[in-house]
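Remarks on the structure that follows.
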Amino acid sequence: MRIVYLHPHFTTDGGAGRMVLETGRRLADRGHRVDCVCIRAARDIVGNDSRMTFHEIGGPSSSQIPFWLGFRAGCKRIAAKVKRITDESNGECVLFPQVFPANWWGSYVLTQLPHIPCIWFCQEPSAFIHSSAWIGALPFPKNWIARLLNPFLAQIDVRSCQKFRTVMVNSLFSQEYARQVYGYPPETVVPVSLGVDHGRFKPRKDSQRSQAIVVFSKLTRFKNVDRIIAAFELLAVQRADLRLHIVGDGDAQAALHRQANACMARQRIEFHGRVSDTRATELLQDARVLCLASDNEPFGLVVVEALACGTPVVAMNSGGPAEILGEHGCGLLVDSTTPQALAAALKVILDSDERFQQFSSAALHRAADFHWENVVDSLEAKFEQLISAP
């Protein structure tokens, strides 16, 4: 069969884009033809792998006003691309839109090609439309623009997403959230957890680890990285060897740098920006603990990647991370984002080598539940069911 992903862009290394690449390449390995229509596919993100065909429409990114001024024209270009692909596919073609605004693209394509089978993979209902916390975390003036447009955008989003008869989500949290926002009947929304590449994410042979906390996050206010820096400062007072590694970039980066520079332990805080896959794996393998301080993460792919490296996790007791960590003994869930609460949880893992080993062993055991091949099994079965439906 032929699978056509719709994804906004591949210009940053996020979990949603990783899901497209990991599942798309594996579907191609099983003999399917895989296309992805997007604004831009940066080679340092997608690589030179020829298993997937990327169709770039070009133009401004979805975070820029010109993109929205030309949105309808962009939808027409995408629909034309999809039509050319489906015309070549002898009828066995599935449309597979991903995160916002790709779901709006998919909705428009279905108005032009209503016969094409379609599944929307809803990583989450668009946070910039339905989450007041996300909207409030946007920098000025984007936050005010989002508040002003919110009622209008929410109405469009809900109406657009009614066109999807089958929806996949990445967690039980996302399943309930999607049902609340869009009013889908229970049987419409199918949870499919994301996976991990166990060939890449695994403990290193040298079991020695640094006294380091690692953070992988988009640097926005919503992610609460400032709370992690404050927690690190509390812990660093009595730990001369403790370090904090922060991986990622975003609009809060300058403010976080200022905060770090004001810390007594500023020389032990390192901002890495975007890093290569190899370096990301090394940081996870070397760290004593991964910290994720954002509330209601829909899944949290970096959580399972850390667990696969044998690295315990401290995360908020909400969303996907709460489901992943749960009662499995592979990390700690925190009910408050205060620096004191985060520091207390981190201290439990940092303080005792014996306790760390217990967490690490449990992390490897829990990570074994997450495989990309299992995700692809679920996708392939659902695609075939849609294509064979009368």
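The values are calculated or read from the model by the stated rules, or taken from the named source; none is laboratory data. In this text, all values refer to a predicted model and were calculated from it rather than measured experimentally. Ideal geometry is used to build each Cβ from the backbone, glycine not excepted, and the neighbour counts take in all protein chains shown. For accessibility, only protein heavy atoms count, side chains too; no ligands or nucleic acids. Shrake-Rupley method; radii C 1.70, N 1.55, O 1.52, S 1.80 Å.
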May I ask you to derive the relative contact order of the chain, considering only C-alpha pairs under 8 Å and at least 6 residues apart, and to give it as an integer percent?
14
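At 0.36 nm per residue, minus the direct Cα-Cα distance, what do Arg77 and Arg266 gain on full extension? Give it in nm, one decimal, please. Present the calculation step by step, with values, prior to reporting the outcome.
Values: separation 189, 0.36 × 189 = 68.04 nm, distance 4.89 nm.
Length gained between Arg77 and Arg266: 63.1 nm.
So if we plug the beta-carbon distance of Ser63 and Val275 into 1/(1 + (r/R0)^6) with R0 = 30 Å, what FRET efficiency do we get, rounded to 0.05?
Details: r = 22 Å, r/R0 = 0.73.
The formula returns an efficiency of 0.85 here.
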Can you compute the helix-only [θ] at 222 nm over the chain? Use -39500 (n - 2.57) per DSSP H run of at least 4 residues, normalise by all residues, nearest 500 deg cm²/dmol.
-14000 deg cm²/dmol
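Please work out whether the range 1-143 counts as rounded, prolate or oblate from its C-alpha gyration tensor, where a ≥ b ≥ c are the square roots of the eigenvalues and a/c under 1.5 means rounded, while otherwise a/b larger than b/c means prolate and anything else oblate?
Working: a/c = 1.80, a/b = 1.44, b/c = 1.25.
Here the range 1-143 falls in the prolate category.
Please give the FRET efficiency for Trp144 paired with Ala389, using the beta carbon to beta carbon distance and R0 = 56 Å, rounded to the nearest 0.05. The partial results should precede the final answer.
Details: r = 46 Å, r/R0 = 0.81.
My answer for the efficiency is 0.80.
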Under the rule rounded for a/c under 1.5, else prolate if a/b exceeds b/c, else oblate, using alpha carbon gyration tensor axes a ≥ b ≥ c, the range 62-200 is classed as oblate
Gyration tensor on Cα atoms of the range 238-390, a ≥ b ≥ c root eigenvalues, a/c under 1.5 rounded, else prolate if a/b beats b/c, else oblate, says prolate
18 Å cut-off, amide nitrogen to a point 7 angstrom out along Arg43 Cα→Cβ, residues in the range 272-304
276-277
FRET efficiency for Arg51 and Ser361, using Cβ-Cβ distance with R0 set to 35 Å, rounded to 0.05:
0.50
Assuming 0.36 nm per residue, please report the length gained on full extension of the stretch Ser318 to Val158 beyond their Cα-Cα distance.
55.2 nm
Rh_Kirkwood(the chain) over Cα pairs, Å, one decimal, evaluates to 21.8
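Using the scaling law 2.2 N^0.38 Å as the reference, what is the normalised Cα Rg of the range 312-374? Walk me through the numbers on the way to the answer.
Details: Rg = 12.3 Å, N = 63, 2.2 N^0.38 = 10.6 Å.
Taking N as the residue count of the range 312-374, the ratio is 1.16.
Accessible area per residue, 1.4 Å probe, Å², for the range 53-135: what's the number? Mind dumping the intermediate values first?
Working: 3560 Å² over 83 residues.
Roughly 43 Å² per residue, with all protein chains present.
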Per the Kirkwood formula over distinct C-alpha pairs, the hydrodynamic radius of the range 1-66 in angstrom is 12.1
Under 26 Å between C-alpha atoms, the lysine pairs in the chain lying 8 or more places apart or on different chains count 14
